[in-house]
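K.L.:
Handing you this structure, nothing more for now.
The values are calculated or read from the model by the stated rules, or taken from the named source; none is laboratory data. The structure displayed is predicted, hence computed values, not measured ones. In this analysis, Cβ positions are derived from the backbone assuming ideal geometry, glycine residues included, and neighbour counts consider all displayed protein chains. The accessibility values were calculated without ligands, DNA or RNA, using every heavy atom of the protein model including side chains. Shrake-Rupley method; radii C 1.70, N 1.55, O 1.52, S 1.80 Å.
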Amino acid sequence: MSEENLKFTETHEWARLDGKVVSVGLSAFAIEQLGDVVYLELPKPGDEVSKGASFGLVESVKAASDMYAPIDGVVSEVNYEVADNLDLLKTDPYGSAWLIKIESSDPSQLDTLMDTDKYEQFCATQVDQ
Amino acid sequence: MPYISNTDEQRAAMLAEIGMTPDDLFADVPKEFLCGKLDLPEARSEQQVRDHLAELAGKNHIHLTCFLGGGFYDHFIPSAVYALTSRSEFYTAYTPYQPEVSQGTLQAIYEYQSMICRLTEMDVSNASLYDGGTALYEAMMMALSATGRNKIIIDDSVNPIYRVMIQSYTRNLKIELIETQNEDGLANREAIGKQLDDKTAAIIVQNPNFFGCIDDFTDLSEMAHKKGALVISSVYPISLGILKTPGAMGVDIATGEGQSLGMPMSFGGPYLGFIATRKPLVRKMPGRIVGQTMDAQGRCGFVLTLQAREQHIRRDKATSNICSNEALCALTALVYMSLLGKEGLREVAQLCADKASYAYQKLTSIPGVTPHFRAKWVFNEMVLDLPCDAADVIGRLIEKGFAAGFPLSRYYKGMENSILVAVTEKRTKQQIGMLAEALEAVL
Amino acid sequence: MKLVFEKSVPGRRGLTISKSDVSTSINLKADLLRDKPAELPELSELDVVRHFTELSRRNFGVDTNFYPLGSCTMKYNPKVAERIAAYPGFAHLHPLIPQLRIGGILTQGALQVLYETDLLLREICGMAGFTMQPMAGAHGELTGIMMMAAYHKDRGNKKTTVLIPDSAHGTNPASAAIAGYVVKAVPSDDNGLMDLAKVKKMLNDEVAGVMLTCPNTLGLFNPHVREICDLIHSVDGLAYYDGANLNAIVGKVRPGDLGFDIVHLNLHKTFATPHGGGGPGAGPVGVVEKLVDFLPVSIVVKREDGTYALEYKRPKSIGYIAPFYGNFGIILRAYVYMLMQGDEGLKRIAENAVLNANYIKEKLKPHYDLPHPQTCKHECVFSATRQAAKGVHGIDIAKAIIDAGFHPPTMYFPMIVKEALMIEPTECESKETLDAFIETMIDIAKRAQTDPESVTDCPKTTPVGRLDETKAARELNIASLA
């Protein structure tokens, strides 16, 4: 799947709106920075998440970081397959490596996020640091 | 200077080579911060310091026949234990950050983790913690984090030394710590059941408990799991030579003090805390963990793993602030268990129980000495009631050459006349007989 | 190499156990017993000795060769301390004895060791009292922060935050967070030091304290350290000294004189007790007069009649943080070490440690980038960015150092230096050893330019090559179960 129609957070999650449901994953940039991911801790369907709050944990050999929800809502689906096949994060970050789907009553919260171009510029500034 | 190799000439040469003077070395420190001569004793030679310490060691009365336990025991230590753990390739190394030059430490830790799992019948163990008390505290923190709840129930048959430690550590945390009172020497099911609710993160118990009584927590595990709570059990590793394991009881986190596995009592440390749990909780387990892997040529080797949970990467979000383990003590326990082996550990545990049972018969046949709890199975430690103040009696027995036991009044109200007596495989029939005679004489 | 379990032969025994001399043999209720013996290996004593001797040969210690692991102070561990720690009068002493009536009298030697170690450390650090109980440096940090919290509670202060420089050891923020504080990282200035202006900006009434390592993890002494402590004191905060790097200034500068209120020491660093492959260590904590009441129980006091006793009645104490009196065996080794140094010996430690570090720094400066070129204290931090441009990273340099027979420096720490190589030689090492190491480092730097592959395919001399850490974490195998 392509990077079109994606919105990005400054914490490197992506979000794609489809009706009322928002799919969430990790950006290719984040996955490259983390190195080999060894573990994902994901929420359960039915868990409430709120924008900017942690919904899970991604762990690589050299780092562990929280993943932050791009929007308020309730987790409707969790992709446990990716937790079992972590290489998907590298091979198909914006497609089959989605992590959770969130049902949200206020999709407009995504408007404040970055689009693909802006996110690319943002990543360029991150590399220098 | 035996521990500084360079001579004055070499120092002068080095300074000259880098174009510095001795004063330059500390020129970055503002002058007012440099202190003058410290008020310290004159430096001693090796001979002087050995003489001085031999004199101090002589002031410690180690000749007392030891029936003192309370979680810390006088077990026999095979000679090969010290011979191997005092190899300086082990003890002068540091945390194995560079696995290629640390396979000795790493494989030993992996074997230690395996040994702890086999002993407790749990799935996973870490590389060790400071001691049994901090291990229990870490287990409690693990349960709080794994369940997202904030209530802990701890029975007062758990070692009081550990309970007071947990009280200190939790003083600034927003948790509800409930202590239940034991029911005739065993964890109080009724009181625990009343407290157990859907806010409860864990029930903390101990086997054999502080009174030496043996319990089976299978029912408690079922009870706790129904409410989504965990069971944490502190265990005495030697007892697992024969006793039912925390794994078999359905316990979620097993911890304990490993001192009895080959470490001298050494006036309170260094000791060994162990912690083992079930696979789903492995990422919540604090401390170092060693895992098996391979190099590019397919050779098997060992590395520190799951390090991303730890403080040097996670900093303020780490699972714990611990950055060391007690590697040398873990090695000691590993060598000890390797020497004893399957049959040896069983025999030592059985010997402890047999000798304790003999001591029980001898001591309770003294007029006025009675068991404190109704008929209970004990492992190697027992609570006896005396006709008078136990602390006083213990004091008088010291004069006769016995560390006869521990006075329970120190930690339990209403137990002024109760003494906790421990018997290890080292105690002989004769020593037990002499204790009985001495006790009868002072009563 | 085979696991100890794989060498097991049914029926083999490694120890003769005394036969029971009592008539009773207890049959415990079957429900209370394990259903089969623990699957421990069955080996002869010789099997066990060979196995662990072989393991020891796959290890690298200070006794093997130069071990310049930055921030870890891998100095030589005197043999006399090992010998003394094994004296039966210390090794076989039950920790509960002094808690029995007249028991204190039976442990006067051990209590004197604890008491005098306290006095020695007070004088060395400029503090009013120490607890010997913390069982490691990080445990000392937690203890110190708990005392900080107790102090503020006692004063009715509402404090929420602890300031910690971004160059700090990871244990600092972890300890502060576990004690319930919010951690705010203070950025370092261009000189690699805690930025005084930033501290001023971040300072408010909610600041409980600051945690500083001095010299810091770049090996640099912050000349503004007193001003930082004064600033913290101006809001009734406390200044915490992380003693990880005390070796640089021991005997020359006292943390108490710099304005610090709480100090933790790593006895396994400055006071030469063995690191043990990652412990046991000891992390005594010292405090100034206004915090003495908060020290953990028990503490050893000297009575008027010259005897030593444990004191438990301390109402403001933070309580018990260890089962007994700390890692006594380690404290004992440090006590021995201090007695052999005296004032002059301690000063020579710091002077030689600093000379050795500056010697390495100056000699390697032309060959590796040195982000902070000023005079260093006990360690210097290079950056392998020049080599990384050729595809030779810090980790590759570390592995090439292994092939040359040395232990590598600390890599990738502190995090504020890219491709960091943190070298701490300690005072013990001779010029010959330093020169050999320097020669190796220069050779690696040259090869990184001319023949990078000869560096990136190291190590070749070790029993295993570079190990797959991703595999280790993904296919978690952390125990061999029966």
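K.L.:
Sequence-distant or interchain residues sharing an amide H contact under 5 Å with C:ASP236, placed H: which?
P.N.:
Here nothing satisfies the definition.
K.L.:
Need one number: % antiparallel among DSSP beta bridges in chain C, to the nearest 5.
P.N.:
Antiparallel bridges make up about 55 percent of those DSSP assigns within chain C.
K.L.:
Distance in nm between label sites at C:ASP257 and B:CYS300, each 7 Å beyond Cα in the beta-carbon direction?
P.N.:
Simple spin-label model gives 5.7 nm for this pair.
K.L.:
Can you send over the carbon and sulfur percentage of the accessible area for region C:1-64, probe radius 1.4 Å, protein chains only?
P.N.:
Carbon and sulfur atoms account for 47 percent of the accessible area of region C:1-64.
K.L.:
Same structure, new question: Under the rule of at least 5 residues apart or a separate chain, name every residue whose amide H is placed under 5 Å from the amide H of C:THR410.
P.N.:
Here the answer is C:GLY70, C:MET422, C:GLU424, since their amide H atoms fall under 5 Å of that of C:THR410.
K.L.:
What GluC sites (Glu not before Pro) in region C:452-482 are in a loop by DSSP, with at most 15 other Cβ atoms within 10 Å of the Cβ?
P.N.:
Filter output for region C:452-482: C:GLU475.
K.L.:
A follow-up question, please. Protein chains only, probe 1.4 Å: how do B:ASP389, B:ASP155 rank by accessible area, largest first?
P.N.:
Highest to lowest solvent-accessible surface, that is B:ASP389, B:ASP155.
K.L.:
Still on this structure, please answer the following. When only C-alpha pairs under 8 Å and at least 6 residues apart count, what is the relative contact order of chain A, in percent?
P.N.:
Relative contact order of chain A: 30 percent.
K.L.:
For chain A, what are the per-bin percents of Cα-Cα distances with bins 10 Å wide, up to the bin holding the maximum?
P.N.:
P(r) for chain A, in whole percents per bin: 13, 49, 34, 4.
K.L.:
So, with +1 on the Cβ of K and R and -1 on the Cβ of D and E, and no other charges, what is the size of the charge dipole of the protein assembly as shown about its Cα centre, to the nearest 20 debye?
P.N.:
Once rounded to the nearest 20, the dipole reads 2080 debye.
K.L.:
Express in nm, to one decimal, how much length is gained between B:ARG171 and B:SER86 on full extension, taking 0.36 nm for each residue of separation and deducting their alpha carbon distance.
P.N.:
Extending this stretch completely gives an extra 26.7 nm.
K.L.:
Take the Cα atoms of the protein assembly as shown, find their three principal axes, and give me the spread along each one in whole Å, biggest first.
P.N.:
Projected onto the principal axes, the Cα atoms of the protein assembly as shown cover 89, 78, 63 Å.
K.L.:
Where in region C:359-385 is the amide nitrogen less than 15 Å from a point lying 7 Å along the Cα-to-Cβ axis of C:LYS418?
P.N.:
C:369-372, C:382-385
K.L.:
Take the alpha carbon gyration tensor of region C:82-340, find the square roots of its eigenvalues, order them as a ≥ b ≥ c, and report rounded if a/c is under 1.5; if not, report prolate when a/b exceeds b/c, else oblate.
P.N.:
Prolate is the answer for region C:82-340, as a/c is 1.5 or above and a/b outweighs b/c.
K.L.:
Got a sec? Charge dipole of chain C, +1 on Cβ for Lys and Arg, -1 for Asp and Glu; which of C:LEU55, C:ILE262, C:ALA168 is way out at the positive end?
P.N.:
Working it through, the farthest residue towards the positive pole turns out to be C:LEU55.
K.L.:
Also: Return, ordered by residue number, the residues of region C:182-206 whose backbone nitrogen is under 20 Å from a label point located 7 Å along Cα→Cβ of C:ARG155.
P.N.:
Only C:182-184, C:199-206 pass the distance filter.
K.L.:
List the residues of region B:21-42 that lose 50 Å² or more of accessible area once all protein chains are present, compared with their chain alone (1.4 Å probe, heavy atoms only, no ligands or nucleic acids).
P.N.:
B:LEU25, B:PHE26, B:ASP28, B:PHE33, B:CYS35, B:LEU38, B:LEU40
K.L.:
Okay, moving on. Using a Cα-Cα cut-off of under 20 Å, which aspartates and glutamates could be cross-linked to B:LYS31, ignoring same-chain neighbours fewer than 8 residues away?
P.N.:
Reachable aspartates and glutamates: B:ASP23, B:ASP39, C:GLU123, C:GLU227, C:ASP230, C:ASP257, C:ASP343, C:GLU344, C:GLU351.
K.L.:
Multiplying the sequence separation of C:SER234 and C:ILE105 by 0.36 nm and subtracting their Cα-Cα distance, what value in nm do you get?
P.N.:
Extra length from C:SER234 to C:ILE105 when fully extended: 41.9 nm.
K.L.:
Would you mind getting me the FRET efficiency between A:GLU41 and C:ASP63? Use the beta-carbon distance for r and R0 = 35 Å, nearest 0.05.
P.N.:
E(calc), rounded to 0.05, equals 0.25.
K.L.:
Calculate, for C:ARG83 and A:ALA63, the FRET efficiency according to 1/(1 + (r/R0)^6) with r their C-beta to C-beta distance and R0 35 Å; round to the nearest 0.05.
P.N.:
Efficiency, rounded to the nearest 0.05: 0.20.
K.L.:
Short version: ³J(HN,Hα) in whole Hz for each residue of region C:109-120, in order, from phi by Karplus 6.51 cos²θ - 1.76 cosθ + 1.60 (θ = phi - 60°), x for Gly and Pro, what are they?
P.N.:
x, 5, 5, 5, 4, 5, 5, 6, 4, 4, 4, 4
K.L.:
I'd like the antiparallel share, as a percent to the nearest 5, of DSSP beta bridges with both residues in chain B.
P.N.:
55
K.L.:
Please report the accessible area of A:THR91 (heavy atoms, 1.4 Å probe, ligands and nucleic acids excluded) in Å², nearest 10.
P.N.:
110
K.L.:
Quick one: if the Förster radius is 60 Å, what FRET efficiency do B:ASP389 and A:SER76 give, using the C-beta to C-beta distance and rounding to 0.05?
P.N.:
0.30
K.L.:
Okay, moving on. Just flag the trypsin sites (Lys or Arg not before Pro) in region B:343-398 sitting in loop per DSSP whose Cβ has no more than 10 other Cβ atoms within 10 Å.
P.N.:
Of the trypsin sites (Lys or Arg not before Pro), the ones in loops of region B:343-398 whose Cβ has at most 10 other Cβ atoms within 10 Å are B:ARG374.
K.L.:
In µm²/s, what is D for chain C at 4 °C and 1.567 mPa s, where D = kT/(6 pi eta Rh) by Stokes-Einstein and Rh is the Kirkwood radius from Cα pairs?
P.N.:
For these conditions, the coefficient is 52 µm²/s.
K.L.:
With an 8 Å cut-off on Cα pairs and a minimum separation of 6 or more residues, tell me the relative contact order of chain C in percent.
P.N.:
Relative CO of chain C lands at 18 percent.
K.L.:
Another question, then. Under a Cβ-only charge scheme (Lys and Arg +1, Asp and Glu -1), can you give me the dipole magnitude of chain C about the Cα centre, in debye to the nearest 20?
P.N.:
Its charge dipole is roughly 720 debye.
K.L.:
Taking the Cα centre of region C:385-440 as the origin and placing charges on Cβ (Lys, Arg +1; Asp, Glu -1), which of C:CYS428, C:HIS393, C:THR440 is farthest toward the positive end of the dipole?
P.N.:
Comparing the listed Cα positions along the dipole, C:HIS393 ranks first.
K.L.:
Tell me the net charge near B:HIS61. Cut-off is 13 Å between Cβ atoms, B:HIS61 excluded, with +1 for each Lys or Arg and -1 for each Asp or Glu.
P.N.:
Residues near B:HIS61 contribute +1 overall.
K.L.:
Can you list residues whose amide H is under 5 Å from C:ILE26's amide H, if they're 5+ apart or on another chain and H is modeled 1.01 Å from N?
P.N.:
When sequence neighbours closer than 5 places are left aside, the close amide H contacts are B:ASP354.
K.L.:
Is there a pair in B:LYS151/B:LYS413; C:LYS158/C:LYS252; A:LYS20/B:LYS284 whose C-alpha atoms are over 27 Å apart, and which pairs would that be?
P.N.:
From the list (B:LYS151/B:LYS413; C:LYS158/C:LYS252; A:LYS20/B:LYS284), the Cα-Cα distance tops 27 Å for C:LYS158/C:LYS252; A:LYS20/B:LYS284.
K.L.:
To continue, here is another question. If you build the Cα gyration tensor of region C:411-482 and take the root of 5 times each eigenvalue, what three semi-axes come out, in whole angstrom, biggest first?
P.N.:
Ellipsoid semi-axes (Å, largest first): 30, 18, 16.
K.L.:
At a probe of 1.4 Å, how much accessible area disappears from chains B and C on forming the pair, both sides counted, to the nearest 100 Å²?
P.N.:
So the buried area, both faces added, is about 17200 Å².
K.L.:
Go through B:TRP377, A:TRP14, A:TRP98 and list them by solvent-accessible area, largest first, probe radius 1.4 Å.
P.N.:
These residues rank, largest area first, as B:TRP377, A:TRP98, A:TRP14.
K.L.:
Let's see if you can work this out: charge +1 on each Lys and Arg Cβ, -1 on each Asp and Glu Cβ, no other charges. What is the dipole magnitude of chain B about its Cα centre, in debye to the nearest 20?
P.N.:
1140
K.L.:
Still on this structure, I have one more. Projecting each Cα onto the charge dipole of region C:82-340 (Lys/Arg +1, Asp/Glu -1 at the beta carbon, about the Cα centre), which of C:HIS233, C:ASN247, C:ILE318 comes out farthest on the positive side?
P.N.:
The residue sitting farthest along the positive end of the dipole is C:ILE318.
K.L.:
How high is the relative contact order of chain B, given as a whole-number percent (alpha carbon pairs under 8 Å, six or more residues apart)?
P.N.:
20
K.L.:
Taking the full set of protein chains and a 1.4 angstrom probe, give the accessible area of B:ASP28 in square angstrom, rounded to the nearest 10.
P.N.:
About 40 Å², ignoring ligands and nucleic acids.
K.L.:
How much mean residue ellipticity at 222 nm does the protein assembly as shown get from its helices, if each DSSP H run of length 4 or more adds -39500 (n - 2.57) and you divide by all residues, to the nearest 500 deg cm²/dmol?
P.N.:
It lands at -10500 deg cm²/dmol.
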